[in-house]
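Below you'll find the structure, written out as structure tokens, and then a few comments.
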Amino acid sequence: MVAELVAVLEWYRAMGADEVTGEAPIDWLQRGDRAPGRFERPSPAQQTAPPEVAVARAASPAASPPPFRPAPSIAPVRQFPATAPDTAVMAARAAARQAADLDELGARLAAFDGCSLKATAKNLCFYRGRPQAPLMLIGEAPGRDEDLEGKPFVGRAGQLLDRMLAAIGLSEREAHITNIVYWRPPGNRTPTPQEAQACRPFLERQIELVAPAIILLLGGAAAKHIFGVADGIMRIRGKWRELEFGNSKARALATLHPAYLLRAPAAKRLAWRDLLTVKAALGD
């Protein structure tokens, strides 16, 4: 069937039907011995329209040119100097080491351009909660809601996290909440190792200044980065590890990320066990 249709189209083209029909007919017999198959613009005499068409054209007003519309303005893209990963980490270490408190650390972090995520994010998401707290929670990265508000864990996952803390008698007034990177990755993707390493010196100094007794790591990305392991979250969750950052020592436990619990409610029982473990440790 397809071959037959192609043959018909080829015949039409051979007969000269290779363009749409114009307003005025063309007498192909006047072409003489010239081969058909190619349209030519008709002469002015051939373009004479029927009387009714001429009257309609005369009655219609002349077409006016479209109104001028300026091109839409495009917001300039923020530009940051490209920094080699090792250079960015060294600059972050130098800046973080000089911060005497969290306010100064936040100011130095806001001025830091060594993490590429800053170029696409709207706001810096430093922390929320108590500046110095016995419990520090570290997640993966800010999401859309966090990027808009400039605070970590304020979206649906953050609301679930608040309920999880309330279930063991805590709130953000007794906890310090942050992420391993401080700017939202495009499309809420997982931060790359280079992005996390660029922020690592600030996070380590933040842990020193908060001086928590317990660190709860939320999700596989945070646990792998802090523990320096490649195992999945199901293999490393619920097991205590000792951490030391500068003059600060803490016990750390990994658990499931609240965003994962929203997608897999059945896993909440595992997170509940981890929360009870943290509650018992804080009571020691």
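The values are calculated or read from the model by the stated rules, or taken from the named source; none is laboratory data. What you are looking at is a predicted structure, and each value in this text was computed from that prediction instead of being measured. Heads up, the Cβs are rebuilt from the backbone with ideal geometry, glycines too, and the neighbour counts pull from every protein chain shown. Just so you know, the surface numbers come from the protein's heavy atoms only, side chains and all, with ligands and any DNA or RNA stripped out. Shrake-Rupley method; radii C 1.70, N 1.55, O 1.52, S 1.80 Å.
What to note about this one:
- Tally, over segment 136-150, of residues that are in contact (Cβ under 8 Å) with a residue 24 or more places away in the chain, acidic (Asp, Glu) and not in a loop (DSSP other than H, G, I, E, B): 3
- Meeting the requirement of 3 or more residues that are open to solvent by 10 Å² or more (accessible area, probe 1.4 Å) and touching a helix residue (DSSP H, G or I) at 6+ places or on another chain (Cβ under 6 Å), the helices (runs of 4 or more DSSP H) wholly within segment 178-284 are 193-210.
- All of Phe126, Phe153 fail the test of being on the phi > 0 side of the Ramachandran plot and either in contact with a helix residue (DSSP H, G or I) (Cβ under 7 Å, 6 or more places away or on another chain) or not in a loop (DSSP other than H, G, I, E, B) (or both), apart from Phe153.
- Entry remark, segment 241-274: residues being in contact with a strand residue (DSSP E or B) (Cβ under 8 Å, 6 or more places away or on another chain), within 19 Å of Ile180 (Cα to Cα) and in contact (Cβ under 8 Å) with a residue 40 or more places away in the chain number 3 in total.
- Of all residues making up segment 161-177, the number that are open to solvent by less than 10 Å² (accessible area, probe 1.4 Å) and assigned to a helix (DSSP H, G or I): 2
Yes or no, residue by residue, for (1) open to solvent by less than 60 Å² (accessible area, probe 1.4 Å); (2) out of contact with any helix residue (DSSP H, G or I) (no Cβ under 7 Å at 6 or more places or on another chain); (3) free of Cβ contacts under 8 Å to residues at least 60 places away in the same chain; (4) under 30 Å from Ala280 (Cα atoms):
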{"residue": "Asp103", "(1), (2), (3), (4)": "no, yes, yes, no"}
{"residue": "Phe112", "(1), (2), (3), (4)": "yes, no, no, no"}
{"residue": "Leu117", "(1), (2), (3), (4)": "yes, no, no, no"}
{"residue": "Lys122", "(1), (2), (3), (4)": "no, no, no, no"}
{"residue": "Pro134", "(1), (2), (3), (4)": "yes, no, no, yes"}
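- Pairs are defined by a Cβ separation below 6 Å, a sequence spacing of at least 6 or placement on different chains, a first member in segment 164-189 that is within 18 Å of Ala259 (Cα to Cα), and a second member that is among the β-branched types (Val, Ile, Thr) and open to solvent by 10 Å² or more (accessible area, probe 1.4 Å); the pairs so defined are Pro186/Thr120.
- Annotation note: Cβ proximity below 6 Å between a residue of segment 201-226 that is more than 15 Å from Ala259 (Cβ to Cβ) and a residue that is crowded, with 24+ Cβ neighbours inside 10 Å and among the β-branched types (Val, Ile, Thr) (sequence gap 6+ or interchain) occurs for His225/Ile180.
- Residue within segment 156-170 that is at negative phi, touching a Cys at 6+ places or on another chain (Cβ under 6 Å) and of a type outside the set (Gly, Ala, Ser) present: no
- When Arg97, Arg128 are checked against the criterion of being touching a residue at least 40 places away in the same chain (Cβ under 8 Å), over 14 Å from His176 (Cβ atoms) and charged (D, E, K, R), a single residue qualifies: Arg97.
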